[in-house]
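The values are calculated or read from the model by the stated rules, or taken from the named source; none is laboratory data. Not measured: the values here are computed from a predicted model. Glycine also receives a Cβ, built like all others from the backbone with ideal geometry; neighbour counts cover every protein chain displayed. SASA here: full protein model, heavy atoms, side chains in, ligands and nucleic acids out. Shrake-Rupley method; radii C 1.70, N 1.55, O 1.52, S 1.80 Å.
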Amino acid sequence: MEEKKRILIIEDDRSVNDLLCGNLSKKGYQIEAAFDGDRGLKKAIKEDFDIILLDVMLPKIDGLKLLTLLRSEKQTPVLMLTAKGGEEDRIYGFKSGADDYLIKPFSMTELDLRIKAILRRTQIQREFSSKEESKNFELKSIDKKIYFNKKKGVVHINNKEIAFTPIEFELFYALEKEKDEVVSKAFLYQTVLLREFSRYDRTLDMHISKIRKKLTAAGMSKNTIKTIRGQGYYFESD
């Protein structure tokens, strides 16, 4: 029998928290709840969850600060839940390490689809990592500067270790595999984000922006990943 997926819900509104717990429990998930940022962070670090649903406006420690602190310890997938739907708010959330963003109010159907997409992506990554480990522990780039460690979810660039969130790792790996070729947004949405492409969805752009900043900090050119208008992204090897 398949083990139930564990979800941690960090939401201070008890009526919303109870509603989420009840609905997701009925769908077969094992649920844990926290009602403030301090308690939520401690549970998120101490225990292992398959995904965390994180509200932004929390007492004691707000959701974005909590996420930043969590990312220094663990890479558990995080789906942000917030009433703040502005682009600037979403960008800040992704910069803090969010895997996806869902704007309140939302339907349980949409929430369930987002959760399943993140869990599928995580499972695919684990299965792929297991296969790659049996062949080669580290995946070496042709230009001999980039090493992908699938087990740890880190990338070594010029002998410097760079930490990526799971989704950032998969996006960068997908682009590096197709270096010097344009990779369409639709392809990345379907194979990495595991959902249909929408030209109004900025999720992919925000993740790519964060990857660019990490590559630049590691000494690579800011134009290593180029945006090809109307087509997609292009990873240019040195």
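Return yes when residue 218 is in contact with a strand residue (DSSP E or B) (Cβ under 9 Å, 6 or more places away or on another chain) and surrounded by fewer than 18 Cβ atoms within 10 Å (Cβ to Cβ) and no when it is not.
no
Mind listing whichever residues of segment 92-104 are more than 13 Å from the chain's Cα centre (by Cα) and in a helix (DSSP H, G or I)?
Across segment 92-104, the qualifying residue is only 92.
Of all residues in segment 70-89 being part of a helix (DSSP H, G or I) and more than 15 Å from the chain's Cα centre (by Cα), which is nearest to residue 8 (Cα to Cα)?
89
Which residue, of 134, 141, is open to solvent by 60 Å² or more (accessible area, probe 1.4 Å) and modelled with pLDDT under 80?
When all the criteria are applied, what remains is 134.
Here is a list of conditions, (1) open to solvent by 10 Å² or more (accessible area, probe 1.4 Å); (2) over 20 Å from residue 118 (Cβ atoms); (3) over 15 Å from the mean Cα position of the chain (by Cα), and residue 45 meets all of them except one; can you say which number that is?
It fails just one condition, (2).
Inspect segment 202-210 for any residue being closer than 19 Å to residue 91 by Cα, open to solvent by less than 40 Å² (accessible area, probe 1.4 Å) and at pLDDT below 85 and give the result as yes or no. Please lay out each step first, then the result.
Taking segment 202-210 first, the residues closer than 19 Å to residue 91 by Cα are 202-210.
Cutting the leftovers down to open to solvent by less than 40 Å² (accessible area, probe 1.4 Å) gives us 203-208, 210.
Filter once more, so that each one left must be at pLDDT below 85: 203.
Yes - at least one qualifying residue is present in segment 202-210.
Does residue 90 count as in contact with a strand residue (DSSP E or B) (Cβ under 6 Å, 6 or more places away or on another chain), basic (Lys, Arg) and buried (at least 17 other Cβ atoms within 10 Å of the Cβ)?
When the stated conditions are applied, residue 90 passes them.
Of the conditions (1) in contact with an Asp or Glu (Cβ under 6 Å, 6 or more places away or on another chain); (2) closer than 21 Å to residue 214 by Cβ, residue 76 satisfies every one except a single condition; which number is it?
For residue 76, the failing item is (1).
Considering only segment 157-171, how many residues are over 20 Å from residue 72 (Cβ atoms) and surrounded by 18 or more Cβ atoms within 10 Å (Cβ to Cβ)? Write out each step before concluding.
Initially, segment 157-171 is screened for residues over 20 Å from residue 72 (Cβ atoms), giving 158-159, 170-171.
Then keep just the ones that are surrounded by 18 or more Cβ atoms within 10 Å (Cβ to Cβ); that gives 170-171.
Qualifying residue count, segment 157-171: 2.
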